[in-house]
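Reading through the structure tokens given below for one structure.
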Amino acid sequence: MAHPDFQPISGFDLPRFAGVPTFMRLPHLTPTDTLYDAVDIGFVGVPWDGGTTNRPGARHGPRQLRDLSTMIRAVHPVSHINPYELVNCADLGDVAPNPADLMATLDRVTAHYSDLHGRGITPFTAGGDHLISLPILRGLAKDAPLGMVHFDAHTDLYNEYFGGTRYTHGTPFRRAIEEGLLDPKRVVQIGIRGTMYDGEDIEFGRSVGVTIITIEEFKARGPADVMAQAREIVGSEPTYCSFDIDFIDPAFAPGTGTPEIGGPDTFTAQYCVREMRGLNLVGCDLVEVSPPFDPSGNTAWVGVSMMFEMLCVLSEAVAKRKK
């Protein structure tokens, strides 16, 4: 059971438009707080988009995601999971990036997640562009490469941009495989679509064993069959989940830097995440929400709704490991 000090503030006690916004209205803790090392799942913002190559703005994602998360209640409507009863959850604030230095920011993020890993805290990250997944994995995959369930319109397996730039939001998982952070045979990418530069990313991924499921295959087979395969691919070993908001069709989530039409609707996305229940998840991220492209906040609302879906399956995994 979770500690009573880690409960979110109820909308029955404080109106959702009032108070200081934190992820899911949870307590905000810093490393100097006595309860910090009692955290099981820590929400972390990485407000940085230095890996973006076209339309920036995801650096503002964590702040808007926090604000919209005040709308989330405590109990899942289908599974009836209350993650805050299973494990201790808290908002651990943001990793402070260096907006003028990409490599320094990667080092800062790696150091932060290495510290969380050493403390036994399972991270749940709000980005930020997708390059942030690389330093997160550097912090988490110190003992052995991880598997990954990756929801995205893009593979993020490119080798380089602009004749030699190897660190962008289109390259994190190429680097992660090269660095031994991910076991490519335990990586499944779901929802891939859109026009391509040359297809080299897909060729590389498949050559090393990554399972790449295009949106055409996804819709032909159906989400139940695809997610059954995903569970089989990652198995029972430690697995990371990375969710790019552009996995969802831009009709539902337009506030992102690289939207691609033809994606799943929000309910289908919810179903896919629910089908990860039972996996040995060791961390999650939700990335590429870019508030400047959706001032309404609807994309952030979709994002935090997906974060709660992931939190429910993640909390069960963490609680199981604690037994």
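Couple of notes before you dig in:
- When segment 1-31 is filtered for residues that are in a loop (DSSP other than H, G, I, E, B) and aromatic (Phe, Trp, Tyr), the ones remaining, listed by number, are Phe12, Phe17.
- Residues that are among the hydroxyl-bearing types (Ser, Thr, Tyr) and either within 15 Å of Asp244 (Cβ to Cβ) or surrounded by 20 or more Cβ atoms within 10 Å (Cβ to Cβ) (or both), drawn from segment 282-304: Ser290, Thr299
- Residue within segment 148-164 that is over 25 Å from Val302 (Cβ atoms), under 16 Å from the mean Cα position of the chain (by Cα) and of a type outside the set (Phe, Trp, Tyr) present: no
- Filtering segment 227-255 to residues that are touching a helix residue (DSSP H, G or I) at 6+ places or on another chain (Cβ under 7 Å), closer than 19 Å to Phe173 by Cβ and of a type in the set (A, V, I, L, M, F, W, C) leaves Cys241, Phe243, Ile245, Phe247.
- Qualifying residue in segment 74-84 (condition: within 24 Å of Arg274 (Cα to Cα) and part of a helix (DSSP H, G or I)): yes
- When Pro264 is tested against (1) surrounded by fewer than 18 Cβ atoms within 10 Å (Cβ to Cβ); (2) part of a loop (DSSP other than H, G, I, E, B), exactly one condition is not met: (1).
- Of the residues making up segment 58-76, those that are of a type in the set (Gly, Ala, Ser) and over 20 Å from Pro135 (Cβ atoms) are Ser69, Ala74.
- Close contacts from segment 219-237, counting a first residue that is of a type in the set (Gly, Ala, Ser) and a second that is surrounded by 12 or more Cβ atoms within 10 Å (Cβ to Cβ) and part of a helix (DSSP H, G or I), with Cβ to Cβ under 9 Å and a gap of 6+ residues or different chains, come to Ala224/Tyr271; Ala230/Cys272.
- Whichever residue in segment 211-257 is assigned to a loop (DSSP other than H, G, I, E, B), out of contact with any Ser or Thr (no Cβ under 9 Å at 6 or more places or on another chain) and of a type outside the set (Gly, Ala, Ser) and, among such residues, is least open to solvent (accessible area, probe 1.4 Å): Pro238
- Members of segment 179-200 that are within 21 Å of the chain's Cα centre (by Cα) and without any contact (Cβ under 8 Å) to a residue 60 or more places away in the chain: Glu179, Gly180, Leu181, Leu182, Asp183, Pro184, Lys185, Arg186, Val187, Val188, Gln189, Ile192
The values are calculated or read from the model by the stated rules, or taken from the named source; none is laboratory data. All of these numbers come straight from a predicted model, not from anything done at the bench. Note: ideal-geometry Cβ built from the backbone for every residue, glycine included; neighbour counts use all protein chains shown. Quick note on the areas: whole protein, heavy atoms, side chains included, nothing else; ligands and nucleic acids left out. Shrake-Rupley method; radii C 1.70, N 1.55, O 1.52, S 1.80 Å.
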